[in-house]
Amino acid sequence: MDITIIQQKIYEIRGEKVMLDFDLANLYGIETKVLNQSVRRNPGRFPPDFMFQLTPTEWNGLRSQIVTSNRGGRRYLPNAFTEHGVTMLASVLKSDTAVKINVAIVRAFIALRQMAHQYKELAEKLAEIEQSSNKKFKDIYQALHFLLNKKEQEEDFSKRERIGFRK
């Protein structure tokens, strides 16, 4: 399974990286109804930090991002599974396909976490470079202003009335 396909199905909701029940069901090759049924049969395995149901506002905002239609299909709001919830699904869905897909999904979450960490390091380095260059640019701007002011003073000097003898 290609990790980039899985990464495209990971959304950030409530500050958590999550996957939605219908995307997971599609990856596992089962119906969404079957996946949610397995979750309902094992409520102790899915506490709120592993899985939560989207609010209508969250779903409407997300629906515009993933371009799904309003009509047909869903009677209930989708469930969102965090990385830990997806891992817990492996113990509920016991097929070989579920295990393989779970490994790929966990790898996708890990890759996203590593990219976020690298992004943070890059942002810190850029801020550091910006701070050190600001001092240099400040010095350059001061020199430019000095030269511009000097040029203005020279122009003013040439416009002055001359003192001395006239011929």
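Data overview
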| read-out | value |
| --- | --- |
| Residue check, LEU54 modelled with pLDDT under 90 and closer than 23 Å to LEU112 by Cβ | no |
| Criterion: free of Cβ contacts under 8 Å to residues at least 12 places away in the same chain and of a type outside the set (Phe, Trp, Tyr) - qualifying residue of ASN60, ASN42 | ASN60 |
| Failed item in (1) within 29 Å of GLY29 (Cβ to Cβ); (2) at pLDDT below 80, with ALA123 passing the rest | (1) |
| Test: residue in the stretch 62-74 that is at pLDDT 80 or above, outside any strand (DSSP E or B) and out of contact with any strand residue (DSSP E or B) (no Cβ under 7 Å at 6 or more places or on another chain) | no |
| Number of the exception - PHE109 against (1) part of a strand (DSSP E or B); (2) modelled with pLDDT under 85 | (1) |
| Verdict on GLN7 being more than 20 Å from the chain's Cα centre (by Cα), in contact (Cβ under 8 Å) with a residue 24 or more places away in the chain, surrounded by fewer than 18 Cβ atoms within 10 Å (Cβ to Cβ) and under 15 Å from VAL86 (Cα atoms) | no |
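The values are calculated or read from the model by the stated rules, or taken from the named source; none is laboratory data. Everything numeric here is computed off the predicted structure, so don't read it as measured data. Please note: Cβ atoms are built from the backbone with ideal geometry, for glycine as well, and neighbour counts cover all protein chains shown.
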